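What follows is one structure encoded as structure tokens, with my remarks underneath.
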Amino acid sequence: MIDFIRQNVLSHFGEKMDNAKVSPLGNGHINHTFLVRWPAGELVLQKINTQVFTTPEALVNNSDKISRHLAGKSQNKQYQLQVVSPELTQDGALSIDLGEGGFWRALNYLPHSVSVDVVSTESHAEIAAQAFGHFSGALSDLDAELLEDVIPNFHHLPGRIELLSKAVAQDSKARLSECQQWVDFVMAQTELLQELAEVEATLPRRICHNDTKINNMLFDKRDMSSLAIIDLDTCMKGYLMYDFGDMVRTFCSPEEEDSTTLDNVRVRESIFAAICKGYLGELAPILSDVERQSLWLGARVICLMIGVRFLTDHLNGDVYFHIHHEGHNLERAANQFTLYLSLLSQQDTLSAYLK
């Protein structure tokens, strides 16, 4: 792909990039991301997965609106993080569509940045949670209706379970027998679905990041302070409880989300407490009482839902998430369901931090 980028993509973003160095960047599951460096500068280049993001123009337009809003806040000293902004093409466009060659966009590169995949300290958890809270707070006065839904019903557990049911019924890759116990486990979570239906009806819809993984917050490697919130692809209308839930999901376990060491997959109480301190401390002025009360539900729903998505993709033949070996998505699913069970086993202790 790097040869294709050199021959067909780079010229759209600059005239003198023949000697540019192109290297893979990050470990995202969906898009292909590259760092491009040349003598006069650097940028982040992405090939958008148009099977996942079927309206990629909406994605880049949403990101542009958010970046412009945050840049304005930054100029007024109301936003303290760096802003990820689009790098325009030679024609002043936000992206280029090369047909079968893919849909491409570029972003500014932030020097001195570093990401982590597993939270190792309470301090890192609090710093990242505070950054995500700061990001949401800065967007609280931007009309959520201005953004298009790039993936309709993205955080919709009933819909995700319905897709799982279809995958089970089809069993197109004959994989059901190896994961039937997890399918049965998911289908038994009826009380959670009932609680979710009752709570969602009471919540305000806001602009949410919708993918608050720890590696979507960049640290400044010079002092490990918060630097920027990245990956705005799934920023849409939604509920803040899901942003909180995804932080719990990706911050709290001492294992990565595809670890098969399930005995060590658990929610660390001290990390959960640090998330609550950082996130609530930043968002207290805008959170309504019902939103605050919904956060514990969001943590449970997200852990279960991501597990459902991994399990569905495994049954469908790994068509959504990038995998590194056969069975990778089933391993991810088992990991997330184990984390969900850890949440349930500590409900009284953990939920107290939200009161």
Legend entry - Residue among Leu176, Leu193 that is closer than 19 Å to Asp318 by Cα, touching a Leu at 6+ places or on another chain (Cβ under 7 Å) and not charged (D, E, K, R): Leu176
Inset, instruction - For Gly41, indicate whether it is closer than 30 Å to Asp318 by Cα and either without any contact (Cβ under 8 Å) to a residue 60 or more places away in the chain or outside the structural domain of Ser225 (by TED's automatic domain parsing) (or both). - result: no
Inset, instruction - Being in contact with a Gly (Cβ under 9 Å, 6 or more places away or on another chain), closer than 30 Å to Asn61 by Cα and surrounded by 14 or more Cβ atoms within 10 Å (Cβ to Cβ) is the filter here, so list the residues in the range 150-199 that pass it. - result: Phe154, His155
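Residue-by-condition table, conditions (1) assigned to a helix (DSSP H, G or I); (2) in contact with an Asp or Glu (Cβ under 7 Å, 6 or more places away or on another chain); (3) buried (at least 18 other Cβ atoms within 10 Å of the Cβ):
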| position | (1), (2), (3) |
| --- | --- |
| Val36 | no, yes, yes |
| Gln46 | no, no, yes |
| Thr50 | no, no, no |
| Thr54 | no, no, no |
| Glu57 | yes, no, no |
| His69 | yes, no, yes |
| Lys73 | yes, no, yes |
Inset, instruction - Determine whether Thr202 is surrounded by fewer than 18 Cβ atoms within 10 Å (Cβ to Cβ), assigned by TED's automatic domain parsing to the domain that holds Asn316 and in a loop (DSSP other than H, G, I, E, B). - result: yes
Inset, instruction - Please work out which one of (1) more than 29 Å from Leu176 (Cα to Cα); (2) out of contact with any Phe, Trp or Tyr (no Cβ under 7 Å at 6 or more places or on another chain); (3) part of a helix (DSSP H, G or I) is the condition Leu232 fails and give its number. - result: (3)
Inset, instruction - Could you pull out the residue among Asn31, Asn27 that is surrounded by fewer than 14 Cβ atoms within 10 Å (Cβ to Cβ) and under 15 Å from Ile230 (Cα atoms)? - result: Asn27
Inset, instruction - Output the qualifying pairs, or none if there are none: Cβ atoms under 8 angstrom, residues six or more apart or on different chains, first residue in the range 298-310 and of a type in the set (Gly, Ala, Ser), second residue outside any helix (DSSP H, G or I) and at pLDDT 95 or above. - result: Gly298/Tyr239
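For every residue, the table says whether it meets (1) in a loop (DSSP other than H, G, I, E, B); (2) modelled with pLDDT of 95 or more; (3) not aromatic (Phe, Trp, Tyr).
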{"site": "Asp91", "(1), (2), (3)": "yes, no, yes"}
{"site": "Leu94", "(1), (2), (3)": "yes, yes, yes"}
{"site": "Glu100", "(1), (2), (3)": "no, no, yes"}
{"site": "Trp104", "(1), (2), (3)": "no, yes, no"}
{"site": "Leu107", "(1), (2), (3)": "no, yes, yes"}
{"site": "Pro111", "(1), (2), (3)": "yes, no, yes"}
{"site": "Ser120", "(1), (2), (3)": "yes, no, yes"}
{"site": "Ser123", "(1), (2), (3)": "no, yes, yes"}
{"site": "Glu126", "(1), (2), (3)": "no, yes, yes"}
Inset, instruction - Go through the range 128-175 and count every residue that is under 21 Å from the mean Cα position of the chain (by Cα) and part of a helix (DSSP H, G or I). - result: 21
Inset, instruction - Just name the residue that is nearest to Phe185 (Cα to Cα) out of those in the range 287-332 that are assigned to a helix (DSSP H, G or I) and of a type in the set (Ser, Thr, Tyr). - result: Thr312
Inset, instruction - Could you please give the count of residues in the range 208-230 that are modelled with pLDDT under 95 and either among the small types (Gly, Ala, Ser) or in contact with a Lys or Arg (Cβ under 9 Å, 6 or more places away or on another chain) (or both)? - result: 1
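The values are calculated or read from the model by the stated rules, or taken from the named source; none is laboratory data. What you see is a predicted model, and the numbers here were worked out from it, not measured in a lab. Counting neighbours? That spans all protein chains shown, and the Cβs are built from the backbone with ideal geometry, glycine included.
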